Amino acid sequence: MQSRFIITALAALSLSTAALADPGHSHGDARAYGEPGDPKKPGRTIQITMREADGKMLFVPDRLDIRKGEQIKFAVRNSGELDHEIVVGTVEENLKHMAEMMKNPEMEHDDPNAKRLAPGKTGELFWKFTKAGEFDFSCLIPGHREAGMTGKIIVK
């Protein structure tokens, strides 16, 4: 009985140590909303524009309907006057990441589900949505999501 408790405690400790080694900004490949897409495989292209207008920050469009299993190539353009980013995730993950961004606004992204662009620049993001549900895309630069720069992904 005691040895089983020790084994369980050691397993829990190793899992929590592994979680501490990754402080939360980088992610594994499989996530609640899918996995990185393969740029060499065909998929549907969705154009997304990031911009500011009338005191708001926007994604156009701000709602996406996607089929489960579908690979999407996000063709992203920053038509605004400020840096913007797109981060695909769950609402919970994006809110947590937003809190990290408040502490470190110049945080560099090297994640397959995120792309930061300077004004006038374009970029691509490839994602395969392997699970059905409602997901989020947001600009997590401090103040941008709060100014309206968020959107919804519906995967059916």
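Just give me the residues in the range 41-72 being among the polar types (S, T, N, Q) and within 18 Å of Thr122 (Cβ to Cβ), in sequence order.
Restricting attention to the range 41-72, the residues satisfying the condition of being among the polar types (S, T, N, Q) are 45, 47, 49, 71.
Of everything in the range 41-72, those that are among the polar types (S, T, N, Q) and within 18 Å of Thr122 (Cβ to Cβ) turn out to be Thr45, Gln47, Thr49.
Looking at Lys131, is it under 20 Å from Gly43 (Cβ atoms) and either in contact with a Cys (Cβ under 8 Å, 6 or more places away or on another chain) or assigned to a loop (DSSP other than H, G, I, E, B) (or both)? Considered against the rule, which asks whether it is under 20 Å from Gly43 (Cβ atoms) and either in contact with a Cys (Cβ under 8 Å, 6 or more places away or on another chain) or assigned to a loop (DSSP other than H, G, I, E, B) (or both), Lys131 comes out as yes. Restricting attention to the range 94-128 and to residues that are assigned to a strand (DSSP E or B) and touching a Pro at 6+ places or on another chain (Cβ under 8 Å), the residue that is nearest to Gly69 (Cα to Cα) turns out to be Lys128.
Search the range 34-69 for residues being touching a Lys or Arg at 6+ places or on another chain (Cβ under 6 Å) and outside any strand (DSSP E or B), and hand back the single one that is modelled with the lowest pLDDT. So the residue we want is Gly43. Looking at this structure, is Phe135 touching a Phe, Trp or Tyr at 6+ places or on another chain (Cβ under 7 Å), surrounded by 15 or more Cβ atoms within 10 Å (Cβ to Cβ) and of a type outside the set (Asp, Glu)? For Phe135, the condition - touching a Phe, Trp or Tyr at 6+ places or on another chain (Cβ under 7 Å), surrounded by 15 or more Cβ atoms within 10 Å (Cβ to Cβ) and of a type outside the set (Asp, Glu) - is met.
Criterion applied to Ile66, Ile72, Ile46 was being under 15 Å from the mean Cα position of the chain (by Cα) and either among the aliphatic types (A, V, I, L, M) or surrounded by fewer than 21 Cβ atoms within 10 Å (Cβ to Cβ) (or both), and the one residue passing it is Ile72.
Contact map, the range 83-100: first residue surrounded by 17 or more Cβ atoms within 10 Å (Cβ to Cβ), second residue of a type in the set (Ser, Thr, Tyr), Cβ cut-off under 6 Å, separation 6 or more or different chains; pairs are Val87/Ser138; Asn94/Ser138.
The values are calculated or read from the model by the stated rules, or taken from the named source; none is laboratory data. Only a predicted model underlies this, so the values are computations on that prediction, with no experimental measurement involved. A quick note on method: Cβ atoms are made from the backbone with ideal geometry, for glycine too, and the neighbour counts reach across all protein chains shown.
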